[in-house]
Amino acid sequence: MKVAIMQPYFLPYIGYYQLMAAVDLFVVYDNIKYTKKGWINRNRMLLNGADAVFSLPLKKASDSLCVIDRELAGDFDRVKLLNQFMGAYARAPQFAATQAMIEQIVRHEEANLFHYIRHGLTRACAHLGIASEIRASSTIAIDHELTNQDKVLAICRAVGADTYVNAIGGKNLYSAQDFDAHGIELKFIASKPLSYPQYGGEFVPWLSIVDVLMFNPLAEVRSCVAQNYDLI
């Protein structure tokens, strides 16, 4: 069984979904510390020919809390966020085909940050034809005080993984020899270059999956998610 383990991200870039599609089980960390400067509750869209950040506002809370313990701000204006997407992409060729999915994700009434993001990942996966199982890390019976590679190995052993797949950016974080010692093959996913017209301007790469879906037919995006990468 192929397994991947990642932090939760809100409407992440296409490479995240390629990783999800490449495995049988996708474990999402819910019991790790929330990082303010990370990408858990924000990502980038195309606005006036350049990248612009969109985000989920959070209730003020201790920086030591885990993702599962964080809440969306009580005044989070879901309509305002939808209008941001509309303002950015209303003229995009696939706007009509994509907007319903975005509305299902953004309008979700969940207040918990992790559950809100997980719902978004689940809805996007259904739209993209990804059938991989998604499981929260806290539901897996391991010593959750473990960190880094030790925690990844513990999760892999607990779920019966024979292959662990990680994003290529983490290549220096893991030892193939250590994984081999536990009978687990270590692989990395490398997304192939992807470009497409964005209103005729200079292409801005690696934006949220929203951007990819707004400018490309769904069948082509599904094919890219399923095939446009290498496992090395």
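Tabulated data for the structure shown
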| item | result |
| --- | --- |
| Helices (runs of 4 or more DSSP H) completely within the range 69-183 that count 1 or more residues being at pLDDT 95 or above and over 15 Å from the mean Cα position of the chain (by Cα) | 78-89, 95-106, 148-159, 176-181 |
| Residues of the range 26-68 satisfying the condition of being assigned to a loop (DSSP other than H, G, I, E, B) and under 19 Å from residue 209 (Cβ atoms) | 38, 39, 40, 41, 56 |
| Selected residue (only one of 89, 34 is buried (at least 16 other Cβ atoms within 10 Å of the Cβ), within 30 Å of residue 1 (Cβ to Cβ) and not aliphatic (A, V, I, L, M)) | 34 |
| Some residue of the range 1-18 being surrounded by fewer than 18 Cβ atoms within 10 Å (Cβ to Cβ) and of a type outside the set (A, V, I, L, M, F, W, C) | yes |
| The range 131-150: number of residues that are in contact (Cβ under 8 Å) with a residue 40 or more places away in the chain and not small (Gly, Ala, Ser) | 5 |
| Tally, over the range 184-232, of residues that are more than 20 Å from the chain's Cα centre (by Cα) and closer than 19 Å to residue 167 by Cα | 4 |
| Options 161, 154, 167: the member that is touching a residue at least 12 places away in the same chain (Cβ under 8 Å), crowded, with 18+ Cβ neighbours inside 10 Å and either more than 30 Å from residue 82 (Cα to Cα) or in contact with a helix residue (DSSP H, G or I) (Cβ under 9 Å, 6 or more places away or on another chain) (or both) | 161 |
| The range 192-232: number of residues that are assigned to a helix (DSSP H, G or I), aliphatic (A, V, I, L, M) and in contact (Cβ under 8 Å) with a residue 40 or more places away in the chain | 9 |
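The values are calculated or read from the model by the stated rules, or taken from the named source; none is laboratory data. Values in this document were obtained by computation on a predicted structure and should not be read as measured data. Note that each Cβ is placed from the backbone with ideal geometry, even for glycine, and that neighbours are counted across all protein chains shown.
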